[in-house]
Every structure is written in structure tokens, then in C-alpha cells.
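Notes for the one structure printed next.
The values are calculated or read from the model by the stated rules, or taken from the named source; none is laboratory data. All values reported here derive from a predicted model rather than from experimental measurement. In this analysis, Cβ positions are derived from the backbone assuming ideal geometry, glycine residues included, and neighbour counts consider all displayed protein chains. We work out accessible area using only protein heavy atoms, side chains counted, and drop any ligands, DNA or RNA first. Shrake-Rupley method; radii C 1.70, N 1.55, O 1.52, S 1.80 Å.
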Amino acid sequence: MNIVVCVKQVPDTATERKLRSDDKTLDRDAADGVINELCEYAVEEALLLKEAHGGEVTVLTMGPSKATDTIRKALAMGADKAVHLVDDALHGSDALSTSYAMAQTLKTIGFDVVILGSESTDARTGLLAAMLAERLGVPQLTQANKVDIDGTAIAIQRLTDYGHDKVEASLPAVVSVVEKINEPRYPSFKGIMAAKKKPVQTLGIAEAGIDASQVGLAGAWSEVVDFAAAPPRAAGTIVTDQGDGGTGAAEFLASKKFI
Amino acid sequence: MDDLLRIDDQLSDEQRLIRDTVKEFVADRILPDVADWFEEATFPVKELAPALGELGVLGMHLEGYGCAGLDAVSYGVACRELEAGDSGLRSFVSVQGSLAMFPIWKYGTDEQKEEWLPRMAAGDAIGCFGLTEPDHGSDPGGMRTHAKRDPSGDWILNGSKMWITNGSIADVAVVWAQTDEGVRGFVVPTDTPGFTAPEIHRKMSLRASVTSSLYFDDVRLPASAVLPGVKGLKGPLSCLSEARFGILWGVVGAARACLESAVDYSTSRTQFGKPIGAFQLTQEKLAWMAVGLGQSHLTALHLGQLKDAGTITPRQISFGKLANVRAALDIARQARSILGGNGITLEYPVIRHMNNLESVLTYEGTQEIHTLVLGEALTGLAAYR
């Protein structure tokens, strides 16, 4: 089975994240890049599927050259090879244009199942899986907390407020996963050393069959018009308990329509 | 907390990934519970050893037999991150990899290697190292433990060892004993009749680490138990050089954890209407702690590069062990003073690191012995003989 797992490098959530003042895109130099947390669950699920059904796990990432750190981690966890879509023309792509670029690349490299995290910690749109499936003309099985594959049949379970959905389809398909699905393994030291020798293919947009006019800032369908820092948290209200603290607390909650 | 000198920029991509992996493991699996282990004087070896084995930490710098074959700087960085968790954790790893696996790997027979190294790398078998004795610490050449051949060719081992990390939880002990041919190393399965290893209790340091005595009462070992590759004290001393290299990196992690804790505390703790970090007295402490940390870190990196180049000498390792442990202990003590009363509780990592470092100052060559090694290096005059 040809399993492709899409991973994204995002700014470390533990550091201050910034947008650039010139083109209002993410300032990727301002923070250390780390693998998006949900992508680790996607890698783990891809590895579990490979261990159960055989095949090969290919890591696919779109990002600047420093995204190789993220590829390295996925390879160290156990993926077999990687494809890095990197091109200055991709800078500033929004979700729609990213899904176009990724779909073109997936058509180029081929797949039986595409696995990705259900959202990233930077843009947090959570749209890519659905957009990819639509562009590729294959079923989407999103927000999975369990994946079963039997031959060409694929079924996922999705936790909901009312119970769980069971979604079935046939391969090829796109699957997005949530953090309840598994416990990602640590890259082992041997895996880290072995990752050095694994093939990483670098593709520019031409090689991936991507039309430059449909990607990047110019090709994006959405635009960041303006941004501002979140206002500092306002001082809270202090109610001194003089025997009526309970009433004060209740009045506060009522004023916020909590009760 | 920013690394002022950006020392990790010197690391390779793989070394950074090793750093991040160990750091994540320590954050997930060690830091949430280590204060409890310390308080209860326990080290959950059954859970941690296989997890550390899976990660590849055990015997990480050895080649083959399931080991990762890391370079020296990677080994150091991993020790740094382990000891940022707790010196007891790093001690467990040092003893397993550098004191128990290393002599088997370096001086053992193929059979000894095949029997023990893969299981030890996986964390399925635990090792310990018996050199120090109740009456012979800095002076191991005076050891009383001895092994004699009986007419059948077996070795009969008698004597005792003390301050043995992992002793009571070990499956195998590498024991150094006097023989008619000088000091020899023996691979001793701990279920051999006559071997006992009671735990040493009431320690106030390295509480999240098992420390034991070893007793050998007519322990009968086959001729194949001896490590054939080395005779004399250079055998155990070469193992100590490996482990001391891990220590001089590890304590950088403990010191960093103390400085981080002190910086956090000093910027959130308010006295006289401002954070105590805004007072010049506190800033002076923090600045010197950062200087000590940076210097010891640079020493560790330099020695790592020498070890990778294959040119490091025992004297250089003594320099690092002496300088870095002392720096770490000074940093821990300063951090303790910045945290005030909170500095003595296990709610913060500082007193745990500080107490641990008191052991680290003494074990694997006391600060006095390493001082004399440097004295001899400078003067050509050996003060301890």
C-alpha cells in the first residue's frame, strides 16, 4: 500500500508567533519551526497502517527549505522516504491554493491513501483534507479517531457529541486524524541515524505540474487585509467578600449570561 | 529561557533531533513524576528501562548489538537533556551504557557480547559496575575483592563493593577484582549463588536512583566469565572516562534547569512592589549563573569535539568533570537562594538537583582527585601517591 502522509512545519506554539508587516504572511524566521502536533499523529497512523498491511510510507510536505527538519523527524519516526515541495512561488498560498499545489503533487507521486492531521496550529483552517479529496476526486474520511483498512475498503470512526460516526469508503481516499487516534512514537536514536540515508525528493512547482498563477500570494483566494495584536487582558473585577461574596459571584455570572 | 551563547547552533541536524527527542521524553515521562520518585526514594526501572531502550538511549554511543552508534557530542547532548530531568535518570543511563555495557563491548568475548548487549540495549537486562569498595573509593588499587582459580578452572569470587548504582535491580554486574594476574573484570549474573545486593537507604541525594552494596560469598564463575580484553586498573578507569564524559555534559542540563527555574521565579515573585528579578542583587546572581552555565557548556562541547576527533585524554575529562560539576552545584545553590523558602520544596526542581549534585561531585572521581589530576598535569608531581 502506498501511504502518503502530509506534514506541515509550523512555528513553535511555545514561542511568540508573528505576521510579517510587508506581505502579512507568517514570519517563519521569527520562531523555531516544529512539526505540527497533529501531523505526528498522522505519521504514527501511517506507520501503524504500514506495519499492519505492508507497503511504504512517503512523507509529503510543502514549505520553505527549513521544513527539512520536519521531514527529518517523520523519517526518523520510521517513514520510508519524503517529497519536499519547495518553491518561492508558493509563498503566501492560502488553503485553496495549498490544496491545489498538494493535489497536483499527489497526482504526480501517486497514492492509495493520504493521511493528514485534521488541522494545523498556525492557520487552523482544518480545510485541507476536504479540499484535497475534492480536487483529487476521491472520498474524504475526516476527523478519524480510528482507521481500519481491509483490502480496498477503508472505514473510520469519528467521535461526535452524540456518539460516533462510522464512515466507509474505498481506496484511494483522504483521511484526516485527531489526537485521540493513537500515541505517536518518539523517533528512536537508530531511526534518527537511519533517516540520514533515506531518500528525500525535492520538487519545484514545474516538476509537480503546478500552474504558478494559481499559487502564492497572487494566486490566493483569500487575503489578510489587516492584523493587530490581541489587546492585553483587561483587569478583572475583585469582589471583596463581606458576607455577600456568593451574591457577588452569582451577579457576575448572571451578567455574563453564564447563569 | 534563551541560550545566550546559542551554543546549540553548533549542533548538526541529527544532534538537534536527538536533543529534541530526549527533551520531549523527559517532559512527558520524567518531569511529571520525578519529584514523587525522589520523595519516595524509588526509580521505576520496569517502566523506564524498556522505554529508554526503545528510544535508543542505553549504550547509545556503542556500535552494533542493537546500539545506535552515536557520536560523542550526541551522547553528551542526550546526557544533558536526561540530567535536566534528574541526575538519577542520567546516572541510570551512564551506568548501563558506559560502565556496564561499555566494558563488555570493549573487552568482552563475542559470547559475552551476544548474551548481554542486545538485551541491555533494549532495557530488558540491567547492568551495574562494581569497582568502589567500603574502604577503597578514590584508591581502587587497594581493592580487597579477589578472584581465585580453583583446580576446575572456575573462578571463585569473594569480597564486597559499595555505592553501586543499579546494584539491587541489576541482572548482570561487571565486577573488578584482584587476581594473581592483577585486576580483572568479571561478568557476573546477579542470580549466581553467593551474590547479594542489598539497597542502601536513607540517602538524601540521588533518591530517584537505586544505590546498593554488592557482596560476593564464594561466587563460583566459569572461566568464560572473565573479560579477556584487559588486565589492570586501566580496565575500570577506561570505563570511568566514558561515564565521566557523560557527567560533564549531564550536569550542564541540571544547571540549566536550576537557572530556568530561578529566572521564572524571579520574574513572577514580587517583593517590595516589584519582581525580585528587578533587584540588582538577584540580577547579579542570575548573570553569574548564566556565565557559569555558558562556560561549562562550552567546555562540554569542546571536550565532545575532542572525543569525536579521538584525541581526548583522561586529564581533559578530569578538567571537565571538576569544572562542570562545581559550576552546576554553584548554580543550583544560587538558584536555591533566589527561590527562598520555595527553593527547599520539591514543588520546584532546584533542591532536588542541588542535593543530587552533591553525589555527582563525589562519584566517578571526587573533586579532590580530579584536582590532583590537574595538579599533576601542571607540575608533573603526583600528589596522591
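Below are the figures for this structure:
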read-out: Filtered residues of the stretch A:136-152 (kept if open to solvent by less than 40 Å² (accessible area, probe 1.4 Å) and small (Gly, Ala, Ser)); value: A:ALA144
read-out: Extreme residue, farthest from B:LEU339 (Cα to Cα), among residues of the stretch B:275-310 that are open to solvent by 80 Å² or more (accessible area, probe 1.4 Å) and without any contact (Cβ under 8 Å) to a residue 12 or more places away in the chain; value: B:HIS302
read-out: Residue in the stretch A:105-118 that is of a type in the set (Phe, Trp, Tyr), part of a helix (DSSP H, G or I) and under 28 Å from A:LYS198 (Cβ atoms) present; value: no
read-out: Members of the stretch B:45-64 that are of a type outside the set (A, V, I, L, M) and surrounded by 14 or more Cβ atoms within 10 Å (Cβ to Cβ); value: B:PRO50, B:GLY53, B:GLU54, B:GLY56, B:GLY59, B:HIS61
read-out: Spans of helices (runs of 4 or more DSSP H) in the stretch B:2-91 with at least 1 residues within 13 Å of chain A (Cβ to nearest Cβ) and modelled with pLDDT of 95 or more; value: B:13-25, B:45-55, B:72-85
read-out: Flag for A:ALA155 being assigned to a strand (DSSP E or B), open to solvent by less than 40 Å² (accessible area, probe 1.4 Å), more than 27 Å from A:ASP211 (Cβ to Cβ) and not aromatic (Phe, Trp, Tyr); value: yes
read-out: Filter result for B:TRP105 (of a type in the set (Phe, Trp, Tyr), in contact with a Leu (Cβ under 6 Å, 6 or more places away or on another chain) and either outside any loop (DSSP other than H, G, I, E, B) or outside the structural domain of B:ASN355 (by TED's automatic domain parsing) (or both)); value: yes
read-out: Scope the stretch A:64-87; condition touching a residue at least 24 places away in the same chain (Cβ under 8 Å), away from every other protein chain (no Cβ under 11 Å) and open to solvent by 10 Å² or more (accessible area, probe 1.4 Å); matching residues; value: A:PRO64, A:GLY78, A:ASP80, A:LYS81, A:VAL86, A:ASP87
read-out: Positions within the stretch B:11-43 being within 22 Å of A:GLU183 (Cβ to Cβ), open to solvent by less than 70 Å² (accessible area, probe 1.4 Å) and among the aliphatic types (A, V, I, L, M), in sequence order; value: B:LEU17, B:ILE18, B:VAL22, B:VAL26, B:ALA27, B:ILE30, B:VAL34
read-out: Residue within the stretch B:135-157 that is in contact (Cβ under 8 Å) with a residue 12 or more places away in the chain, more than 27 Å from B:ILE369 (Cβ to Cβ) and among the aromatic types (Phe, Trp, Tyr) present; value: yes
read-out: First in the stretch A:182-202 and within 10 Å of another protein chain (Cβ to nearest Cβ), second anywhere and open to solvent by less than 70 Å² (accessible area, probe 1.4 Å) and of a type in the set (Lys, Arg), Cβ under 7 Å, 6 or more apart; value: A:PRO187/A:LYS73; A:ALA195/A:ARG72
read-out: Flag for A:ALA133 being part of a helix (DSSP H, G or I), farther than 30 Å from B:ASP13 by Cα and either open to solvent by 40 Å² or more (accessible area, probe 1.4 Å) or out of contact with any Cys (no Cβ under 6 Å at 6 or more places or on another chain) (or both); value: yes
read-out: Total residues in the stretch B:340-358, condition crowded, with 24+ Cβ neighbours inside 10 Å and hydrophobic (A, V, I, L, M, F, W, C); value: 2
read-out: Set A:VAL167, A:VAL175: member being part of a strand (DSSP E or B), away from chain B (no Cβ under 14 Å), open to solvent by less than 30 Å² (accessible area, probe 1.4 Å) and of a type outside the set (D, E, K, R); value: A:VAL175
